[in-house]
Amino acid sequence: MEVYLDNAATTKAAPEVVAAVMECMQENYGNPSSAHRLGVAAERVLKKTRETLAAYLKVSPEEIVFTSGGTEANNLAIRGVLPFLRRFGRHIVTSSYEHPSVDKVMQALQQEGWEVTFIPGNREGSVKEEELLAVLRPDTVLVSIMHVNNETGAINDVVSLGELVKQRAPRALFHVDAVQSFGRVPVDIEKGKIDLLSLSGHKIHGPKGIGALYVRRGVKLKPLLLGGGQERDLRSGTENVPAIAGLGRAVELLDKESVGRMMAFKLKLAEGIKAVCPEAKVNGPPPAAGAPHILNISFPGFRGEVLLHALEEKGIYVSTGSACSSRKEAVSRVLKNMGLPRDLLYGAIRFSFSPYNTEAEIDYVLERLQEVVKELALFRRR
Ligand SMILES: Cc1ncc(COP(=O)(O)O)c(C=O)c1O
């Protein structure tokens with residue numbers, strides 16, 4: 001049996017998504033900028049996905065900009081707005097849990113002379129209202145906080161945080177990296193007074209290399225890419241029409257029932273692990289309080305990467321941290337910022353779920369995990 005539990009890194013494209021991408025590549029291959037029939041048909045694909053996304057997010061289609069994924073959406077959001085905000089101040093707020101596509105941009109901005117405050121971490125791995133309140137200033141011009149953390153599944157209450165931003169720093173724009181929450185944890189853009197929101201296709205069984213940025217009407221952006229002026233001049237380059245068709249299909253497939261399935265798998269696995277390894281500790285919020293698809297657990301005394309490869313031998317795919325950093329860094333920056341002690345830091349494993357998993361797969365994982373923990377414990381003692 002093969003069990004894929006690394007869905008926070010990426011997901012397998014849904015069959016309906018593959019069909020939509022193929023149809024587009026084979027039949028609807030025109031350039032949306034072309035004036036002829038094939039161009040118009042391709043343009044219709046963009047319009048349809050834009051409308052699907054807008055309806056899902058309860059925003060208007062003109063507020064959606066297609067990008068090459070979550071990374072570009074985050075870069076565009078942050079770098080795009082700053083030229084228009086400079087005259088109001090130079091202070092930016094973010095958290096110490098952000099994905100590298102926000103964190104590294106913030107570090108670069110510091111080098112460029114912006115004053116960036118990183119809200120320090122806590123054991124739950126989420127940003128508390130009082131923590132944000134403590135750092136907001138009248139000259140804060142941008143706040144960027146993720147909705148769901150990709151390593152722990154911790155959820156930030158971006159609605160309350162957004163309201164605070166607008167009360168305490170009225171000139172500040174609020175950006176939310178919703179790449180991990182999109183389709184998993186609902187977000188109210190209007191209530192949260194969110195100005196910019198990033199999402200990505202490949203976390204929801206859509207294609208890789210496609211994403212979108214919601215840009216509230218009236219928010220000015222300087223594009224990162226100059227060229228043909230696609231996406232209302234905000235993102236030049238011929239649109240990735242097949243991937244956009246696939247993204248639209250993936251959004252159409254999102255439903256509440258799938259979210260319930262993922263949460264059921266997560267709770268079953270968390271409960272089962274307690275029996276297999278009583279000293280195992282959940283990192284982040286208690287399982288039921290976090291995102292439905294991410295469970296981060298430390299096995300004290302074990303090395304995360306050793307467990308990962310032992311599980312891989314049995315056909316089970318998990319992660320030790322975020323996909324992008326797990327092959328580079330020995331320990332996770334996010335877990336470190338949360339203040340985890342050494343043995344928990346080195347023994348962390350992330351299981352992440354999809355609605356396509358099955359209960360039998362979770363049973364299989366628990367059985368194999370029991371074997372692996374036993375084998376490795378014996379080995380350790382020798
Ligand atoms: C929270 C978060 N933000 C941004 C990204 C980047 O998205 P993409 O892979 O589409 O560039 C990821 C992907 O791992 C993520 O988990």
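None of the figures in this text is laboratory data; all of them are computed from the coordinates on show. On a predicted model such as this, the values are computed, not experimentally measured, just so you know. For neighbour counting, all protein chains shown are included, and Cβ atoms are generated from backbone atoms with ideal geometry for every residue, glycine included.
The antiparallel fraction among DSSP beta bridges confined to region 88-208 stands at about 5%.
Helix 70-85 versus the longest principal axis of the chain: what angle, 0 to 90°, nearest 10, using Cα atoms? The angle comes out at about 50 degrees. Candidate cross-link partners of LYS266 among the lysines, defined by an alpha-carbon separation under 19 Å and a same-chain spacing of 8 or more, comprise LYS12, LYS203, LYS256, LYS274, LYS281. With both labels modelled 7 Å from their Cα along Cα-to-Cβ, the SER236 to LYS222 distance reads 1.5 nm.
Remark: spin-label model distance GLU129-THR358 equals 4.5 nm, labels positioned 7 Å along the Cα→Cβ axis. How many percent of DSSP beta bridges within the chain run antiparallel, rounded to 5? Restricted to the chain, the bridges split so that about 45 percent are antiparallel. Computed about its Cα centre, the charge dipole of region 15-252 is approximately 580 debye, with only Lys, Arg, Asp and Glu carrying charge at their Cβ.
Given R₀ = 45 Å, what would the calculated FRET efficiency be for LEU378 paired with ALA108, taking r from the Cβ atoms and rounding to 0.05? Efficiency computed from Cβ-Cβ geometry: 0.40. Kindly identify the chain as rounded, prolate or oblate by the Cα gyration tensor criterion: order the square roots of the eigenvalues as a ≥ b ≥ c, call it rounded if a/c is under 1.5, otherwise compare a/b with b/c, prolate if a/b is larger, else oblate. Since a/c reaches 1.5 but b/c is at least a/b, the shape of the chain is classed as oblate. Would you mind telling me the antiparallel percentage of the DSSP bridges in region 36-159, rounded to 5? Beta bridges within region 36-159, antiparallel portion: roughly 10 percent.
How far is the Cα center of region 1-76 from the Cα center of region 226-282, in Å? Centre-to-centre distance over Cα atoms comes out at 14 Å. Placing a pseudo-label 7 Å from each Cα along the Cα-to-Cβ vector at LYS12 and TYR29 gives an inter-label distance of 2.9 nm. For region 1-59, the set of trypsin sites (Lys or Arg not before Pro) satisfying both a DSSP loop assignment and a count of at most 16 other C-beta atoms within 10 Å is given as LYS12, LYS58.
Exceedance of the 21 Å cut-off in Cα-Cα distance is limited, within the set LYS48/LYS208; LYS166/LYS220; LYS314/LYS374; LYS128/LYS191; LYS128/LYS222; LYS104/LYS222, to LYS128/LYS222.
Just tell me the longest site-free run in the chain, where the sites are GluC sites (Glu not before Pro) in a DSSP loop having at most 15 other beta-carbon atoms within 10 Å. By the stated rule (loop sites, at most 15 other Cβ atoms within 10 Å), 191-278.
You can think of it this way: the chain between GLU190 and LEU267 has 24.6 nm of extra reach, that is 0.36 nm per residue less the Cα-Cα gap.
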